[in-house]
Amino acid sequence: MKISVIVPTYNERENLEELFERIDRSLKGYDYEIIVVDDDSPDGTWEFAAQLSERYPVKVVRRTDEKGLSSAVIRGFEEASGDVFVVMDADLQHPPEVIPELVKAIENGADVAVASRYVPGGKVENWYWYRKLISRGAIMVGRLALPKIRNVKDPVSGFFALRRGVVEGVNLNPVGFKILMEILIKGNYRKVTEVPFTFGLRKAGESKLGTKTMLNYLKHVYRLMRWEGELDRIIKFTIVGLSGVLVNEGFLWLFVHVFGWDKILANVPATELAVLNNFTWNDLWTFRDLKRKPFWSRIVSFHIAALTGAIVQLAIYTGLVLVGMHYLVANLFGIGLSFIVRFLFNRNVTWG
């Protein structure tokens, strides 16, 4: 089994010699190659990598008309001749000594092996609190927006291995740096294994984290939601919710003005009929491809989601009114957050 280690680079000259030496030591006994895809680094990373190819099995791709980490990784896939691809950064924050563990996970049946900071045994060294918050927040957003990856603890890791077949014939078109998320959504695989590792300190060069990186991540999640059809679900869920408003209002009017019921008491059956209306249409339309649980389980969970949403709406409304916000504006915030909570609950629990 041949291993192709794909290393996208930009101004990483100072790290290359140590990186290659540690990769070579870690993969002693393996048939391997290193594919360096460099975006025409001003510090001559590509040139130094070519010099080191006299000592190590290195292939250098110098790109002068295209830039970006994700596209560099894709180019590396195209250039690689191995059966297993390993993707890692050149900044030594991804320890090469973990590569054999990733390869072993592949040999033991995994299609994708992720070097994870967030499984037992994994950790991050010397990050400021805001870096940890950003990282955890990004993962939470991705896992909530894309249920397919919700069981992967570190879907934004830049250090991973995969079988060649996972990406063969797959149209990868990621935005920003998080290509693993693209692969986990679009790739051909059955099993993902996470291997703990310690995300180390950068030895040289500059961190890639910035406002543009974070915005590109959100754009990437949005595009994957469209590709997965999750945005269509949100639209359908919204339409069904609006139909529920009409059902609620219509039956409330009927019970009060035709049957002469008390206005307060009449709201209870009107609300329940609206909930049943919403459940029926969501079951038949919004989530019709996800009916894996028994009917009784789905309908009970849907009622729990409705109750949870109502509690969230009331809590947000009350809190904002108490701090001085206009009650109508506060109610809109409550409705908005309640909608998000109900959709996520139903997507991940009722029809999860």
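Each value in this text was obtained by applying a stated rule to the coordinates, not by laboratory testing. Computed from a predicted model, the values in this text were never measured in an experiment. Heads up, the Cβs are rebuilt from the backbone with ideal geometry, glycines too, and the neighbour counts pull from every protein chain shown.
What is the distance, in nm, between label points placed 7 Å from the Cα along the Cα-to-Cβ direction at E54 and at Y128?
Reported label-point gap for E54 and Y128 is 4.3 nm.
What residue among V192, V256, V61 shows peak mean-square fluctuation when the chain is described by a Gaussian network model with Cα springs under 10 Å?
With Cα springs under 10 Å in the chain, the top fluctuation among V192, V256, V61 is at V256.
Tell me the mean residue ellipticity at 222 nm calculated for the chain from its helices only (DSSP H runs of n ≥ 4, each -39500 (n - 2.57), averaged over every residue, nearest 500).
It comes out at -16500 deg cm²/dmol, rounded to the nearest 500.
Through the Karplus equation 6.51 cos²θ - 1.76 cosθ + 1.60, θ set to phi - 60°, convert the phi angles of the stretch 38-54 into ³J(HN,Hα) values in whole Hz; use x for Gly and Pro.
With the stated coefficients, the stretch 38-54 comes to 10, 8, 6, 4, x, 7, x, 3, 4, 5, 5, 4, 5, 5, 5, 5, 6 Hz.
Looking at the chain as a GNM with Cα springs under 10 Å, which of F295, F197, F159 has the largest mean-square fluctuation?
Largest GNM mean-square fluctuation: F295.
Near K2, which lysines are there with a Cα under 27 Å away, not counting those fewer than 8 places off in the same chain?
In chain and number order, the partners are K28, K59, K104, K178, K186, K191.
Working out 0.36 nm times the residue gap between I304 and S243, then minus their Cα-Cα distance, what length gain in nm do you get to one decimal?
Length gained, I304 through S243: 20.0 nm.
Output the peptides 337-347, 141-151, 322-332 sorted from most to least packed, where packing is the average of other Cβ atoms within 10 Å over each peptide's residues.
On the way: 337-347: 19.6, 141-151: 17.2, 322-332: 11.7.
Sorting 337-347, 141-151, 322-332 by mean packing, highest first, produces 337-347, 141-151, 322-332.
Run down the aspartates and glutamates and flag those whose C-alpha is under 17 Å from the C-alpha of K153, throwing out any fewer than 8 positions away in its chain.
Qualifying aspartates and glutamates at Cα under 17 Å: D111, E182, E194.
Could you please rank W227, W281, W129, W351, placing first whichever residue has the fewest other Cβ atoms within 10 Å of its Cβ?
Exposure proxy ranking, most exposed first: W129, W227, W281, W351.
So between E272 and L344, what do we pick up on full extension, going 0.36 nm a residue minus the alpha carbon distance?
Contour length minus the Cα-Cα distance gives 23.9 nm.
Just to be sure I understand: if I project the alpha-carbon convex hull of the stretch 230-350 onto a plane and average over all orientations, what area do I get in nm²?
Here the figure is 8.2 nm², rounded to one decimal.
Could you check the spin-label model distance between F259 and T64? Points 7 Å from the Cα along Cα→Cβ, value in nm.
7.9 nm
Pull out the extension gain between A315 and L218, defined as 0.36 nm times the separation in residues minus the alpha carbon to alpha carbon distance; nm, one decimal. Could you put the intermediate results ahead of the total?
Working: separation 97, 0.36 × 97 = 34.92 nm, distance 2.80 nm.
Gain on extension, A315 to L218, equals 32.1 nm.
With a Förster radius of 25 Å, plug the Cβ-Cβ distance of T211 and N173 into 1/(1 + (r/R0)^6) and report the FRET value to the nearest 0.05.
0.65
Can you give the angle from 0 to 90° between the axis of helix 295-322 and the longest principal axis of the chain, with both taken from C-alpha atoms, to the nearest 10?
Between helix and principal axis, roughly 90 degrees.
Could you state the principal axis extents of the C-alpha atoms in the chain, from the largest down, to the nearest angstrom?
91, 45, 39
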